[in-house]
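All remarks here apply to the structure that follows.
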Amino acid sequence: MFENLQDRLGSILNGLTGRGALSEADVSAALREVRRALLEADVALDVVRSFTDRVREKAVGAEILKSIKPGQMVVKIVHDELIEMLGGEGVGIDLHAAAPVVVMMVGLQGSGKTTTSAKIANRLSTRDKKKVLMASLDTRRPAAQEQLRQLGAQANIDTLPIIVGQSPTDIAARAVQAARLGGHDVVILDTAGRTHIDEPLMVEMADIKKRSNPHEILLVADSLTGQDAVNLARNFDERVGITGLVLTRMDGDGRGGAALSMRAVTGKPIKLIGVGEKMSELEEFHPRRIADRILGMGDIVSLVERAAENIDAEKAAAMAAKMAKGKFDLDDLADQLRQMQKMGGMGGIMGMMPGMAGMKDKMAAAGLDDRLFGRQIAIIQSMTKAERANPDLLKHSRKKRIAAGSGTDAAAINKLLKMHRQMADMMKMMGGKGKGGMMKQMMGGLAGKMGLGGGMGGMGGMPDLSNIDPRQLEALQKQAEAAGLGKPGGGMPGLGGLPGGLPGLGGAKLPGLGGGFPGLPGLPKKK
């Protein structure tokens, strides 16, 4: 979503940080470029103007121009103002009201209200353990009510039985009554899509509000809409009084202007963002994390949270036990590849790692895209159980059979085996004897510097992701930035401050990795 803006702002601000001293003219020239980049990203003109004015006011002060690293101070000011523009602190759905809490969903036709309603219900049900009832008030769109019923059945969420011919206001009243009688904690009202010039539908929306008395009124907006999204939000807020925004299609290739503008213009918080088609692909909106991503600082906290959600604790414990013995077979490698796919693939992970956003293009050029994972898993699945446990069995005739079964060739199989060999060597080093093994030392150093203390049994101080408090995660993010993780060239704590942060990417290398990205073949070595 923010890739173009990230590239533009990154190049502008890198130009500032590379200088020893800054004049007012330097700051003004950079801010002109920032202004142009924001306007090209479709951010509202008023928002851009006030943003650059606030940055200029702070950036031309004497304490900035005379500071030791004025360029970095300007980057910090831009970062802080970006967070302020996006809303400061993240705000979730407010359920602090008498049950059943009524959540009313409003928005334009085609913005994704029905799917988002089901996603929110699924989130409240699985994460917050709430009993949710969904009701479709869309009597105009063919099969709209049936769509919500089917989504409810997929996610095991209760839906209000359909009565043909009932008006939207009557359905709303019946839904609240049914939720009260059924002991539901939350009732979600999915209203009909409308345009903000459709007067009868806008009046109907106000009537639904009077009958159901919603605690939350969420405007669902397509983040690809651009400038018109701001007018839409303002109009809906005037007519019905929205309490928050949900942005859909944040995984698309839009320029991100709607997300940056709507909060600043309406003053209403962006509460949730849709990042994919699946039921689980709905995330809370954290202004600080989004600002970090836009400025290429990564998003360690979201990456850790995503890992905690997707990594199977039992499998992780079994893997840790095998690593402690220095064992790592092809089944383990397939599990690692599947977990990376679940966490968003190579692009998703790289985009969240500090200073690594620019590596995505280089990796794509080297053929290291997410399709590679699928091919490698197919190769492993084409092997017998004995071959997966003991790759030394794989001679020419067996490779020929595996290549035919996986639709690849011998070269791809050899690359996979080389990658496995390198990773197995690394596991032996990490689980080796003497001083508790490299893994123990590395993880102990990392946990110590992050102030996280104890951890998973046998992992020597590796933090247990499932038990970390969100506030502790935020503190981890700030400490990571302070340790140099948040800026290009910073080292990773606990790894002896490797330049560039990761082995094989221009800095020092860990033995056995062949200069490539850890565990992934194909990145060309430096000449």
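The values are calculated or read from the model by the stated rules, or taken from the named source; none is laboratory data. As the structure is a computational prediction, the values presented were derived from the model and not from experiment. Glycine also receives a Cβ, built like all others from the backbone with ideal geometry; neighbour counts cover every protein chain displayed. Surface accessibility is based on the protein's heavy atoms, side chains included, excluding ligands, DNA and RNA. Shrake-Rupley method; radii C 1.70, N 1.55, O 1.52, S 1.80 Å.
Side notes on the structure shown:
- Available extension along the chain between Gln154 and Asp7 is 49.0 nm, counting 0.36 nm per residue and deducting the alpha carbon span.
- Using distinct alpha-carbon pairs, which all enter the 1/r mean, Kirkwood radius of the range 55-203 in Å: 18.2 Å
- Exceedance of the 27 Å cut-off in Cα-Cα distance is limited, within the set Lys278/Lys415; Lys278/Lys418; Lys129/Lys278, to Lys278/Lys415; Lys278/Lys418.
- Taking all protein chains together, Leu45, Leu330 sort by accessible area into Leu45, Leu330, largest first [probe 1.4 Å].
- Distance in nm between pseudo-label sites at Arg421 and Ser280 (7 Å out along the Cβ direction from Cα): 3.5 nm
- Computed FRET value (nearest 0.05) for Asn14 with Gln227, which takes r as the C-beta separation and R₀ as 30 Å: 0.55
- Each Cα pair under 8 Å and six or more residues apart adds its separation to the average, and for the range 101-285 the resulting relative contact order is 26 percent.
- Accessible surface for the range 101-285, divided over its residues, is 41 Å² per residue with a 1.4 Å probe.
- Per-residue SASA entry for Glu84, accessible area with 1.4 Å probe, Å² rounded to 10: 120 Å²
- Between Asp94 and Ile162, the contour length at 0.36 nm per residue exceeds the alpha carbon distance by 21.7 nm.
- Approximate spin-label separation Thr139-Ala410, in nm, with each point projected 7 Å along Cα-to-Cβ: 7.1 nm
- Charge-dipole axis of the range 197-284 as Lys and Arg at +1 and Asp and Glu at -1 on Cβ define it, positive-most pick from Gly267, Gly257, Leu218: Gly267
- Linear extension gain, Arg401 paired with Arg239, 0.36 nm per residue minus alpha-carbon span: 51.7 nm
- When nucleic acids and ligands are ignored and a 1.4 Å probe is applied, Asp335 ends up with an accessible area of around 50 Å².
- Taking the Cα centre of the range 101-285 as origin and assigning +1 to Lys and Arg Cβ atoms and -1 to Asp and Glu Cβ atoms, the resulting dipole is close to 400 debye.
- Taking amide H as placed 1.01 Å from N in the peptide plane, Gly244 has its amide H under 5 Å from the amide H of Ile217, Leu219, each at least 5 places away in sequence or on another chain.
- In Hz, Karplus ³J(HN,Hα) per residue of the range 155-163 (6.51, -1.76, 1.60; θ = phi - 60°; x = Gly, Pro): 8, 6, 10, 5, 10, 5, x, 7, 10
- Think of each Lys and Arg Cβ as +1 and each Asp and Glu Cβ as -1; about the Cα centre, that makes the dipole of the range 151-248 roughly 260 debye.
- Per-peptide packing, taken as the mean over residues of other Cβ atoms within 10 Å, places 401-407, 125-131 in the sequence 401-407, 125-131 from highest down.
- When peptides 176-182, 36-42 are sorted by average Cβ neighbour count within 10 Å, with the highest value leading, the order is 36-42, 176-182.
- Sorting 205-215, 153-163 by average packing, meaning the other beta carbons within 10 Å per residue, from highest down gives 205-215, 153-163.
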